[in-house]
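Everything below concerns the one structure shown next.
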Amino acid sequence: MRKKLLTMLAMQDSMNTKVHPQWSEQNYEWYRAVWIECAELMDHQGYKWWKKQDPDLEQVQLEVIDIWHFGMSALFSNFDSATAIADAILSAWSTADNQQLSVHQATEDLATWCLMHKSFSAVHFWQLLLAVDLDFEQLYVAYMGKNVLNFFRQDNGYKDGSYIKEWAGKEDNQHLVDITAELDTEAESFRDDLYEALSTRYQQLTAQ
């Protein structure tokens, strides 16, 4: 688990560096991105008692992966190294209460903590992970996939607005899930295989 945490932290650092070479010096409000993602998660889970809503678990889980991107980024401000962050996360998770909270409660707890402390809570994130029926291995695979998609977006005009997010009527996130299911996530070449598959599908579907 520690090795995979370090891998994810290194990947997040690389992604942030691609967006801004001196990203760690910019004092970005990562906590704000987290609670906004929490709100988007609520939309997919459903909270309107005055109308019929069915939770979309797949989209809820995708929002949790987005939260993890911003959460790891926030933790770089609190520690001197990725190793220290990984050790702090593992320590927090080892003592976390594994009580099964509702998705609503776990989401609100994390958002509240972020707003109060303007940082990120590994403990509250762990409780959210449990609430949406994700384990660490699923988090790792999903994060790897979304990180590759984020690189792909940047390489194809996401920052200047030329990137096409919807391919043949489906958002790229949905295509990511479909492609990941077809690949060997344990293969050393998984990241490269996924990027190539995304590129091929993007070219085919957006050219139509």
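Of note:
- 4 °C / 1.567 mPa s Stokes-Einstein diffusion coefficient of the chain, Kirkwood radius on C-alpha pairs, µm²/s: 72
- Cross-link pairs 118/146; 4/170; 18/118; 4/48 - those with Cα-Cα distance over 26 Å: 4/170; 4/48
- Size-normalised alpha-carbon gyration radius of the range 1-122, reference 2.2 N^0.38 Å: 1.13
- Applying both filters, DSSP loop and at most 14 other Cβ atoms within 10 Å, to the trypsin sites (Lys or Arg not before Pro) of the range 77-153 gives 118.
- Loop sites in the range 31-116: trypsin sites (Lys or Arg not before Pro), DSSP, at most 15 other Cβ within 10 Å: 48, 51, 52
- For the chain, the solvent-accessible area works out to 53 Å² per residue, with a probe of 1.4 Å and every protein chain left in place.
- Under 15 Å of direct C-alpha separation, and excluding same-chain neighbours fewer than eight residues apart, residue 165 reaches these aspartates and glutamates: 155.
- Within the accessible area of the chain (1.4 Å probe), percent carbon and sulfur: 48
- Of the GluC sites (Glu not before Pro) in the range 108-208, the ones in a loop by DSSP (not H, G, I, E or B) with at most 13 other beta carbons within 10 Å are 186, 188.
- Contact order normalised by residue count of the chain, Cα under 8 Å, 6+ apart, percent: 22
- Length gained on full extension, residue 94 to residue 166: 21.9 nm, using 0.36 nm per residue less the C-alpha separation.
- Estimated at 0.36 nm per residue, the fully extended path between residue 23 and residue 36 surpasses their Cα-Cα distance by 2.7 nm.
- Label-to-label distance, residue 155 versus residue 207, with points set 7 angstrom from Cα along the beta-carbon direction: 1.7 nm.
The values are calculated or read from the model by the stated rules, or taken from the named source; none is laboratory data. Only a predicted model underlies this, so the values are computations on that prediction, with no experimental measurement involved. Cβ atoms come from the backbone with ideal geometry, glycine included; neighbour counts cover every protein chain shown. Side chains are part of the model used for accessible areas, which takes the heavy atoms of the whole protein and leaves out ligands, DNA and RNA. Shrake-Rupley method; radii C 1.70, N 1.55, O 1.52, S 1.80 Å.
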